[in-house]
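Below you'll find the structure, written out as structure tokens, and then a few comments.
What follows is calculated from the coordinates using simple rules that are stated; it is not laboratory data. Every value quoted in this text rests on a predicted model; they were computed, and no experiment measured them. All Cβ positions, glycine included, derive from the backbone under ideal geometry; neighbour counts span all protein chains shown.
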Amino acid sequence: MTERVRAVLVTADDTMLVIRRTKPGVPVYWVLPGGGVEAHDESREAALHREIHEEIAGKADIIRLLHTLETVGERQLFYLARIATWSFEDRTGPEFNAEGRGEYALEEVPLTVEGIDEIDLKPEEIAHVLRGAIAEGTLGTETTA
């Protein structure tokens with residue numbers, strides 16, 4: 001089973017970093033930073049740190065596992081994390097240079113129900129989980145000391 005890790009990256013301004021995907025012939029959509037767990041990754045969390053570094057040249061503090069989504073042949077693990085610095089210009093992920101992959105643009109959106117409603121965040125299940133946690137006040141983005 002393929003495993004992927006993704007991060008709900010919360011900024012100091014309580015916004016969330018998302019990647020706007022633009023592909024020819026496909027409506028624009030947004031995804032959370034992350035990607036596949038590779039055989040050399042020491043853990044899922046290590047894979048997430050690697051992906052965050054590759055995709056946005058950032059360092060994040062992982063708070064907790066937020067949600068797991070399983071489909072046929074794939075498991076996606078969504079982590080809640082805080083991020084203070086990043087540089088989309090310094091990204092190094094191989095997908096950014098691949099032909100036919102379309103465009104990637106890093107955006108900050110308000111971490112509110114309205115903010116999530118304004119974008120087409122994929123997969124829809126994580127958008128639903130985030131809306132519910134925000135509405136119930138259970139997102140818990142505070143780090144523990």
- Any idea which of Thr138, Ala39, Thr68 is furthest toward the positive side of the dipole for the chain, if Lys and Arg beta-carbons carry +1 and Asp and Glu beta-carbons -1? Ala39
- Task: Identify which of the listed values of volume of the Cα convex hull per residue in Å³ was calculated from the structure shown: (i) 104; (ii) 119; (iii) 138.
- Result: (ii)
- Mind running the shape call on the range 1-46? Use the C-alpha gyration tensor, a ≥ b ≥ c as the square roots of the eigenvalues: rounded below 1.5 for a/c, prolate if a/b tops b/c, oblate otherwise. oblate
- Report relative contact order for the chain in percent, whole number only (criteria: Cα-Cα under 8 Å, sequence separation at least 6). 30
- Task: Would you kindly derive the ³J(HN,Hα) couplings of the range 21-38 from the backbone phi angles with the Karplus curve 6.51 cos²θ - 1.76 cosθ + 1.60 (θ = phi - 60°), listing them in order in whole Hz, with x for Gly and Pro?
- Result: 9, 10, 10, x, x, 10, x, 4, 9, 10, 9, 8, x, x, x, x, 7, 9
- Task: Tell me what the chain gives for mean residue ellipticity at 222 nm when only DSSP H runs of n ≥ 4 count, each as -39,500 (n - 2.57), the sum divided by the residue total, rounded to 500 deg cm²/dmol.
- Result: -6500 deg cm²/dmol
- How large is the charge dipole for the chain, taken about the Cα centre, if only the Cβ atoms of Lys, Arg (+1) and Asp, Glu (-1) carry charge, to the nearest 20 debye? 200
- Message: Run the simple label-point estimate for Thr138 and Ala84 please: 7 Å along Cα→C-beta, distance reported in nm.
- Response: 3.1
- Enumerate the amide H contacts of Ala57 below 5 Å, restricted to partners 5 or more residues apart or on another chain; note that Pro and chain-start residues carry no placed amide H. Ser87, Thr92
- Rounded to whole Hz, the Karplus (6.51, -1.76, 1.60) HN-Hα couplings of the range 102-112, x for glycine and proline: x, 9, 10, 9, 7, 9, 9, 10, x, 7, 9
